[in-house]
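Single-structure report; data block below.
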Amino acid sequence: MYDLTAAHRTLPFGIRVRVHDLENGQSVEVRINDRGPFIEGRIIDLSYAAAQAIQMVGAGTALVRLEILNPAAIPGPAEAGVYAVQVGAFKDRSNAERLKARLESQFGPVVIQSFDRGDGLFHRVRVGRETTEDSARALAAQLSEACLATETFVVRLN
């Protein structure tokens, strides 16, 4: 919260990104250390300190442009990414277990990852272990078409 960090769904952990606020002209350099945001249409979640550094605190959202500062740190073909589709996040673990059971037979593997995001413990349900972001997007489309998920988010696992 008080470090210059951010959450992104697919950029590898440790990547440094400059976030340019297109509305006020400010920018801040952050390190990707978490997954998210899990709200459609958003591309990055800034820590409180990073949002404060570019005077976004209280604004909630802003139009931004991302600039990757250390592109050499992005794994090449020899270090392929592993992707999954997040189909739900629940405070009640039993709800996550029920969704996992519904999905496993047709779309396994399904994993529940518990995460304390500061306002409570959430249990994220993630499907698949895809080797490309495109194949994960195809899996997300299959899950949506089968009416097994209302919102899906492709996330990088490594």
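What is the sum of charges around R35, taking Lys and Arg as +1, Asp and Glu as -1, for the other residues whose C-beta is under 11 Å from the C-beta of R35?
Counting the neighbours of R35, the net charge comes to +3.
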Requested in this report: Report T131's accessible area, 1.4 Å probe, all protein chains in place, as a number in Å² to the nearest 10.
Outcome: 100
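Would you tally the net charge around L103, using a Cβ to Cβ cut-off of less than 14 Å, leaving L103 out, and scoring K and R as +1, D and E as -1?
Details: positive: R98, K100, R102, R124, R126, R129; negative: E97, E104, E145.
Taking every Cβ under 14 Å from that of L103, the sum is +3.
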Query raised in the report: Cβ under 11 Å from A51's Cβ, A51 left aside: what net charge do those residues give with Lys, Arg +1 and Asp, Glu -1?
Result: -2
Report summary line: In whole Hz, the Karplus estimates of ³J(HN,Hα) for the range 27-42 (6.51, -1.76, 1.60; θ = phi - 60°; x where Gly or Pro) are 9, 8, 9, 10, 10, 6, 9, 8, 9, x, x, 10, 10, 3, x, 9
**Report entry** Pairwise Cα inverse-distance average, inverted: Kirkwood Rh of the chain (Å)
**Finding:** 16.6
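Please work out whether the range 21-112 counts as rounded, prolate or oblate from its C-alpha gyration tensor, where a ≥ b ≥ c are the square roots of the eigenvalues and a/c under 1.5 means rounded, while otherwise a/b larger than b/c means prolate and anything else oblate? Provide the component values of the computation, followed by the final result.
Working: a/c = 3.15, a/b = 1.58, b/c = 2.00.
Judged from the Cα gyration tensor, the range 21-112 comes out oblate (a/c at least 1.5, b/c at or above a/b).
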Query raised in the report: With each run of n ≥ 4 DSSP H residues scored as -39500 (n - 2.57), what mean residue ellipticity at 222 nm is computed for the chain after dividing by its residue count and rounding to the nearest 500 deg cm²/dmol?
Result: -6500 deg cm²/dmol
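The values are calculated or read from the model by the stated rules, or taken from the named source; none is laboratory data. In this text the structure is predicted, and so the values were computed from the model without any measurement. Counting neighbours? That spans all protein chains shown, and the Cβs are built from the backbone with ideal geometry, glycine included. Note: accessible area is taken over every heavy atom of the protein model, side chains too, but ligands, DNA and RNA are not part of it. Shrake-Rupley method; radii C 1.70, N 1.55, O 1.52, S 1.80 Å.
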